[in-house]
Amino acid sequence: MARVVVMGGGVSGHTAATFLRDWLSADHEVVVVTPNSKWNWIPSNIWVGVGRMKKEDVVFDLDPVYKKANIDYRQAKALTIHPEGSKESDTPFITIEYTGQGKEGEKEELTYDYLINATGPKLNFAATEGLGPHGGHTVSVCTADHAVHANEELHKVIAKLKAGEKQTLVIGTGHGMCTCQGAAFEYIFNIDHELRAAGVRDKAEVIWLTNESFLGDFGMGGMHVKRGGYIASSKIFAESLFAEHDMEWILGTHVTKVEEGKIHYETLDGDTDFQEFDFAMLIPPFGGVGLKAYDKEGADITDKVFAPNGFMKVDADYSGKPYEEWKASDWPRTLQNPDYKNMFAVGIAFAPPHLMSKPMKNPNGTPINPTPPRTGMPSAMMGKAVAQSIRDMINGAKEPTHTASMSEMGAACVASAGAGFFSGKAVSMTVYPVVPDYEKYPGVGRDLSYTTGEIGLAGHWIKHFLHYAFMWKAQLKPGWKIIPE
Amino acid sequence: MAHQHVEHLDPYSPQSGTMIPGGLVKFMRTCVLWQIIRFLVINLRMTKLILKSHH
Ligand SMILES: Cc1cc2nc3c(=O)[nH]c(=O)nc-3n(C[C@H](O)[C@H](O)[C@H](O)COP(=O)(O)OP(=O)(O)OC[C@H]3O[C@@H](n4cnc5c(N)ncnc54)[C@H](O)[C@@H]3O)c2cc1C
């Protein structure tokens with residue numbers, strides 16, 4: 001009998017746990033440790049943030065789903081990992097602290113045969129003074145509750161605009177090392193759409209403030225697509241879209257501090273400046289969730305198991321080589337920890353070997369560059385591949401049998417640019433591979449027959465359909481396994 | 001003759017240094033018949049990509 005413990009029941013962990021439970025016989029255990037009682041389809045938080053959906057539309061209770069699937073669900077957060085066991089026992093274990101199920105605050109040890117770290121990001125608002133909805137001056141759409149609050153604030157702004165007051169709305173990134181520009185991109189275009197629908201767009205100044213060095217970088221060094229007989233950069237399309245919608249952009253920024261109505265920032269040129277605002281949604285930088293690791297003797301081995309940013313080390317090249325020497329093969333394939341072979345990290349929780357965008361610093365030495373995005377499709381594919389490997393290892397395989405390298409897989413992403421069955425729009429993108437491979441695809445780093453992008457109503461229909469499809473899949477409703485990741 | 005799609009641009013601003021879609025492009029983005037075709041094309045593209053990614 002084997003016990004697989006999955007830390008984190010988000011996109012990647014839920015995928016891994018549900019497939020493992022389906023594939024493993026009943027004498028094996030699948031345990032999910034996750035602090036929330038509800039699962040959240042995070043991409044649809046954007047629509048909660050503009051009032052097009054309610055929180056209830058984008059979440060569901062995990063307990064009945066895991067009960068039905070026979071998954072042992074612990075509403076708790078993982079605190080520490082002991083991959084060598086303790087002085088008393090060689091069996092590896094984690095410690096957890098309950099956040100629900102009537103055991104709030106109780107701590108427990110949980111042994112495992114295989115461990116999947118799928119704990120996603122820590123939303124590190126504290127990295128920038130005054131950032132975020134918890135005591136700061138900006139809103140967020142990163143969780144469903146944040147999005148509910150963002151919508152309330154947005155509607156106050158819309159009311160002021162309707163009363164004839166001018167308002168400045170700033171959307172983008174709240175630190176030089178942020179990722180997830182895609183979410184901010186969706187939010188700014190959804191806001192624009194709502195302001196136009198309310199007939200108040202002319203009273204509002206809408207500004208994109210970003211750590212990207214060029215528009216359309218998105219943390220993946222941009223992308224090129226074939227269009228109108230040209231091979232054109234995402235920079236051109238992104239600039240076109242912002243200009244068409246009468247939005248200004250401020251590039252290459254590291255936000256240093258947010259005060260009431262004022263965002264202070266440094267730029268790639270080394271200048272400092274500020275931007276006034278009435279409403280701001282700035283994505284926080286992401287880090288690991290702060291798990292600690294200890295060896296058999298109880299000595300702290302967190303540095304051995306985790307990279308300095310708190311993400312877990314896997315089979316990637318962490319030698320820290322310069323940009324010119326980066327290769328697609330630096331990216332992990334099996335997502336197995338190099339020291340502890342029964343431990344894996346998937347989704348946002350694994351440590352990338354380096355950025356995807358070119359690293360940049362300003363003359364003051366401040367790094368200002370997007371960190372690599374790990375979007376939904378690659379995250380779920382990693383979860384599934386690791387589940388397949390663990391299933392096979394439980395059944396006798398010596399090594400992981402499946403791979404999910406971001407430099408060997410593509411990603412499909414639909415970025416909403418406004419909701420509405422006849423008036424909505426979204427950018428439908430496919431990128432192959434996610435990590436640019438300049439050896440295989442010199443010049444642009446990607447296969448142009450699989451790297452595409454277009455904006456239109458069809459994208460909105462797809463995004464809307466995907467919302468229902470993924471909520472259906474995650475609740476393990478009939479046919480869930482045939483819905484692709 | 002004034003052109004409505006570019007009236008909001010400030011000369012010499014970064015916004016004026018890029019391409020702005022004209023009426024036809026904008027119309028086609030929400031033209032239901034054309035978008036039904038695009039819906040099928042995009043789904044096909046995404047299926048192709050998913051098949052290439054799951055090896
Ligand atoms: C606003 C927004 C919009 C987005 N839109 C898109 C989109 O349109 N398309 C797309 O592809 N991607 C999108 N993404 C990205 C997508 O949400 C992520 O790629 C995906 O959620 C990553 O999956 P994950 O499993 O790594 O992390 P998550 O889904 O964040 O899951 C992590 C889980 O771990 C839990 N956890 C945290 N700490 C602990 C702990 N100590 N112990 C145990 N569990 C813990 C968390 O509660 C959470 O349930 C968006 C992201 C945001 C923020």
Exercise. Of the listed peptides A:477-485, A:341-349, A:361-369, what is their order by residue-averaged count of other C-beta atoms within 10 Å, with the highest listed first?
Worked result: A:341-349, A:361-369, A:477-485
Seminar exercise, completed: Checked against the positive end of the charge dipole of the protein assembly as shown (+1 on Cβ of Lys and Arg, -1 on Cβ of Asp and Glu, about the Cα centre), the farthest of A:Ala238, A:Trp47, B:Val32 is B:Val32
For this session: Pull up all non-local amide H partners of A:Ala280: gap of 5 or more, or a different chain, and H-to-H distance under 5 Å with H placed in the peptide plane.
Result: A:Val139, A:Val170
Problem set entry | Mean Cα-pair separation over length for chain A, i.e. relative contact order, pairs under 8 Å, 6 or more apart, % | 17
Seminar exercise, completed: Of all DSSP beta bridges having both residues in the protein assembly as shown, the percent classed as antiparallel (nearest 5) is 55
For this session: Please give every one of the aspartates and glutamates within straight-line cross-link reach of A:Lys103, meaning a C-alpha to C-alpha distance under 17 Å, and leave out same-chain neighbours fewer than 8 residues apart.
Result: A:Asp63, A:Asp72
Seminar exercise, completed: Expected integer from the mean partner chain Cβ neighbour count at 10 Å over A:243-252 is 4
For this session: Compute the acute angle (0 to 90°) between the alpha-carbon long axis of helix A:144-162 and the principal axis of greatest extent of the alpha-carbon atoms of chain A; round to the nearest 10°.
Result: 10
Seminar exercise, completed: With Cα coordinates, the longest principal axis of chain A makes an angle with the long axis of helix A:11-23, in degrees rounded to 10, of 40
Seminar exercise, completed: A:Thr302 and A:Ile482 label points (each 7 Å along its Cα→Cβ direction) are spaced in nm at 4.8
Seminar exercise, completed: Beyond 23 Å (Cα-Cα) in this structure, taken from A:Lys304/A:Lys440; A:Lys384/A:Lys477; A:Lys203/A:Lys257, we find A:Lys304/A:Lys440; A:Lys203/A:Lys257
Seminar exercise, completed: Of all DSSP beta bridges with both partners in segment A:85-239, the antiparallel percent, nearest 5, is 60
Exercise. Setting aside same-chain residues fewer than 8 positions from A:Lys68, which aspartates and glutamates have a Cα under 16 Å from its Cα?
Worked result: A:Asp22, A:Glu29
Exercise. Across the residues of B:36-48, average count of Cβ atoms on other protein chains within 10 Å?
Worked result: 6
For this session: Report the charge-dipole magnitude of segment A:167-295 in Debye, nearest 20, computed about the Cα centre from +1 at each Lys and Arg Cβ and -1 at each Asp and Glu Cβ.
Result: 500
For this session: Based on the mean of other Cβ atoms within 10 Å per residue, sort peptides A:463-469, B:8-14, A:450-456, A:263-269 so the most packed one is first.
Result: A:450-456, A:263-269, A:463-469, B:8-14
Problem set entry | Residue-averaged [θ]222 nm for chain A, counting only DSSP H segments that reach four residues, each worth -39500 (n - 2.57) | -7500 deg cm²/dmol
Exercise. Ordered by packing density, taken as the mean number of other Cβ atoms within 10 Å over each peptide's residues, highest first, how do A:298-309, A:90-101 rank?
Worked result: A:90-101, A:298-309
For this session: On a C-alpha basis, how far is the centre of segment A:411-485 from the centre of segment A:125-149 in Å? Whole number, if you could?
Result: 27
Exercise. In terms of modelled amide H atoms, which long-range or inter-chain residues lie less than 5 Å from the amide H of B:Met19?
Worked result: A:Ser240
Seminar exercise, completed: Measuring from the longest principal axis of the C-alpha atoms of chain B, the long axis of helix B:32-53 (C-alpha) lies at a number of degrees, nearest 10, equal to 50
Exercise. Based on the alpha-carbon gyration tensor of segment A:376-469 and its eigenvalue square roots a ≥ b ≥ c, which shape applies: rounded if a/c is under 1.5, prolate if not and a/b is larger than b/c, or oblate?
Worked result: oblate
Exercise. Taking every residue in A:444-452, how many Cβ atoms of other protein chains lie within 10 Å of its Cβ, on average?
Worked result: 2
For this session: Label segment A:130-262 by shape, choosing from rounded, prolate and oblate, from the square roots a ≥ b ≥ c of the eigenvalues of the Cα gyration tensor; if a/c is under 1.5 it is rounded, and otherwise prolate applies when a/b is larger than b/c, oblate when it is not.
Result: oblate
For this session: Under 1.5 on a/c is rounded, so check that first for chain B, then, if it is not, pick prolate when a/b is larger than b/c and oblate when it is not; a ≥ b ≥ c are the square roots of the alpha carbon gyration tensor eigenvalues.
Result: oblate
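Throughout, read-outs are computed from the coordinates displayed, never taken from laboratory work. Quick caveat, the model's predicted, so the values are computed rather than measured. Every residue, glycine as well, gets a Cβ built from its backbone with ideal geometry; the counts of neighbours run over all protein chains shown.
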